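Working notes, beginning with the structure itself.
The values are calculated or read from the model by the stated rules, or taken from the named source; none is laboratory data. It should be emphasised that the depicted structure is a prediction, and the values quoted were computed from it without experimental measurement. Counting neighbours? That spans all protein chains shown, and the Cβs are built from the backbone with ideal geometry, glycine included. The protein model used for the area step is the full one, side chains on, heavy atoms only, and it has no ligands, DNA or RNA in it. Shrake-Rupley method; radii C 1.70, N 1.55, O 1.52, S 1.80 Å.
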Amino acid sequence: MRRASACRYDRVTMADPLYTIAATLRTAFAAATGLSADDIDPVVRPSDRADAQANGALAIAKQLGKNPRDVAQAVVVTGLLNDVCSRAEVAGPGFINLTFTAEFLAAELAAVASDERLGVRSATHPRTAVIDYSHPNVAKEMHVGHLRTTIIGDSLVRLLRFVGHRTIL
């Protein structure tokens, strides 16, 4: 199996380390299989056995007509996960269980903390959302029931605008 050049994990400031590890896994799957990294979905999920689990070897093996465990093992052998994982092991029919290094998590936290947007990425395809929430009548007495819908509605508007969506009130 050819060994890809050892590289630092792909630096994309995100609030979620699973997003960063997915980018690294795309590179590792591409190195192990010869497929284009753009065509690979590593299917990274949280795991109860490790920090994360990559299930992408199952679909890629089917596409290539190979054994999923062999594909998963080839990904681990590339060495591209060594900088981010203290342990990467093949389990079951071809899952890759990943345990992150403390250094990787510390680097992710430092990158997010220094980012102006705290690692929250903008919407790739901004949409328009209509938010209808309470606007208390100033001519009437306000009561606690108005607060809940007003706070929830205003929070939704702020969140949607922060990621780049257009809101109509």
Count - residues of segment 122-150 that are among the β-branched types (Val, Ile, Thr), surrounded by fewer than 12 Cβ atoms within 10 Å (Cβ to Cβ) and farther than 11 Å from residue 164 by Cα: 3
Positions within segment 89-109 being surrounded by fewer than 17 Cβ atoms within 10 Å (Cβ to Cβ) and either in contact with a Gly (Cβ under 9 Å, 6 or more places away or on another chain) or under 12 Å from residue 32 (Cα atoms) (or both), in sequence order: none
Residue selected from segment 1-45 under the condition more than 10 Å from the chain's Cα centre (by Cα), within 27 Å of residue 109 (Cβ to Cβ) and acidic (Asp, Glu), by the criterion modelled with the lowest pLDDT: 10
Residue within segment 75-88 that is farther than 29 Å from residue 121 by Cα, open to solvent by 60 Å² or more (accessible area, probe 1.4 Å), at pLDDT 95 or above and not charged (D, E, K, R) present: yes
Single unsatisfied condition, residue 129 versus (1) in contact with a strand residue (DSSP E or B) (Cβ under 6 Å, 6 or more places away or on another chain); (2) closer than 27 Å to residue 20 by Cα: (2)
